[in-house]
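The structure appears right after this line, and notes come after that.
The values are calculated or read from the model by the stated rules, or taken from the named source; none is laboratory data. Computed from a predicted structure; not experimentally measured. Don't worry about glycine lacking a Cβ; one is built from the backbone with ideal geometry, like all the others, and counts go over all protein chains shown. Quick note on the areas: whole protein, heavy atoms, side chains included, nothing else; ligands and nucleic acids left out. Shrake-Rupley method; radii C 1.70, N 1.55, O 1.52, S 1.80 Å.
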Amino acid sequence: MTPQEQMIRQQIIERGIKDERVIAGLRAIPRERFFLSDSKEAAYADRAASIGHDQTISQPYMVALMTARLQVSPEQKVLEIGTGSGYQTAILCKLAREVYSIERIKPLLDEAFERLLSLEIRNVHFRFGDGTRGWPEAAPFDRILIAAGAPKLPEAFLKSQLTDGGIAVLPVGPADEQMLIEVVRDGDKLISSDICACRFVKLIGAEGWST
């Protein structure tokens, strides 16, 4: 059994992730390609890992959990805030029609672009900038995934860029620990439900932290 398959079975399936499309997406993307050459041994470990610039790649289970809760279907358009290494982006690209991904750290964005290009993933659009402003000209989105912790729910952003009936998954709360939440838009209302405690880097921007 390969290290990747062992990771999927022990860290994903045995913890209750049953969505076959999510599992197939994880199998299709070689996680080690998203790590620096001197840290590839950490690729399949059950923890988050540094990708430089004070940013991290989420642990495999967290990627699978957030993706599963989004319930992405093949015809949908997804907005991702926080491209990071591009690993989560690549998984989303296997599930959605189109993915729009925003990153505020240019070297990370450039590296992610090259990785996805090398994996022949083409249904993705990248943008350098403040993710909390979203991508207005491509909105609304069927699904939104935010891979950084917001101090509070970015209501204005979600109401303006998430479709009615759409789902967003994001961490919200203090810098040292957040709650991962699922948000469903119902007309002018946002219906939130808690998923689990988590810890992400800060969401920096107009509807996030200032620094």
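Would a scan of segment 132-143 turn up a residue that is over 22 Å from GLY25 (Cβ atoms), open to solvent by less than 70 Å² (accessible area, probe 1.4 Å) and β-branched (Val, Ile, Thr)?
Yes, some residue in segment 132-143 is over 22 Å from GLY25 (Cβ atoms), open to solvent by less than 70 Å² (accessible area, probe 1.4 Å) and β-branched (Val, Ile, Thr).
Do you know which residues across segment 152-182 are open to solvent by 30 Å² or more (accessible area, probe 1.4 Å), at pLDDT 95 or above and touching a Cys at 6+ places or on another chain (Cβ under 8 Å)?
MET179
Please go through segment 16-29 and pick out each residue that is in contact with a Leu (Cβ under 8 Å, 6 or more places away or on another chain) and free of Cβ contacts under 8 Å to residues at least 60 places away in the same chain. Let's see the steps before the verdict.
Of the residues in segment 16-29, the ones in contact with a Leu (Cβ under 8 Å, 6 or more places away or on another chain) are 17, 21-22, 25, 29.
The one that is in contact with a Leu (Cβ under 8 Å, 6 or more places away or on another chain) and free of Cβ contacts under 8 Å to residues at least 60 places away in the same chain: ILE17.
Count, please, the residues in segment 8-38 that happen to be of a type in the set (A, V, I, L, M), over 26 Å from LEU109 (Cβ atoms) and touching a helix residue (DSSP H, G or I) at 6+ places or on another chain (Cβ under 6 Å).
Going through segment 8-38 one residue at a time, the tally reaches 3.
With respect to the numbered conditions (1) more than 18 Å from PHE200 (Cα to Cα); (2) of a type outside the set (A, V, I, L, M); (3) in a strand (DSSP E or B), which one is the sole condition not fulfilled by PHE113?
The number of the failed condition is (3).
Can you work out which of the residues in segment 179-203 that are in contact with a Ser or Thr (Cβ under 7 Å, 6 or more places away or on another chain) and part of a loop (DSSP other than H, G, I, E, B) is nearest to PHE157 (Cα to Cα)?
Checked segment 179-203; the qualifying residue nearest to PHE157 (Cα to Cα) is LEU203.
Can you find, within segment 39-57, the residue that is farthest from ILE13 (Cα to Cα) among those that are in contact (Cβ under 8 Å) with a residue 12 or more places away in the chain and touching a Leu at 6+ places or on another chain (Cβ under 9 Å)?
Among residues in segment 39-57 that are in contact (Cβ under 8 Å) with a residue 12 or more places away in the chain and touching a Leu at 6+ places or on another chain (Cβ under 9 Å), the one farthest from ILE13 (Cα to Cα) is HIS53.
Looking at segment 109-138, I want the residues that are under 16 Å from HIS53 (Cβ atoms) and have a partner that is outside any helix (DSSP H, G or I) and aromatic (Phe, Trp, Tyr) with Cβ atoms under 8 Å, at least 6 apart or on another chain. Which pairs are those?
If the second residue must be outside any helix (DSSP H, G or I) and aromatic (Phe, Trp, Tyr), the pairs left are LEU109/PHE126; LEU109/PHE128; ALA112/PHE126; PHE113/PHE126.
Would you say ALA206 is open to solvent by 40 Å² or more (accessible area, probe 1.4 Å), in contact with a helix residue (DSSP H, G or I) (Cβ under 6 Å, 6 or more places away or on another chain), at pLDDT below 95 and not in a strand (DSSP E or B)?
yes
For a quick check of your reading of the model, give me the residue pairs whose first member lies in segment 180-194 and is under 14 Å from THR163 (Cβ atoms) and of a type in the set (Val, Ile, Thr), whose second is open to solvent by less than 20 Å² (accessible area, probe 1.4 Å) and at pLDDT 95 or above, with beta-carbon atoms closer than 6 Å and at least 6 apart or on different chains.
VAL183/ALA168; VAL184/ILE167
Considering only segment 3-34, state which residues are open to solvent by 80 Å² or more (accessible area, probe 1.4 Å) and not in a helix (DSSP H, G or I).
LYS18
Restricting to segment 116-151, and then to whatever is under 15 Å from ALA168 (Cβ atoms), of a type in the set (A, V, I, L, M, F, W, C) and not in a loop (DSSP other than H, G, I, E, B), can you tell me which residue is modelled with the lowest pLDDT?
The extreme case among them is ALA150.
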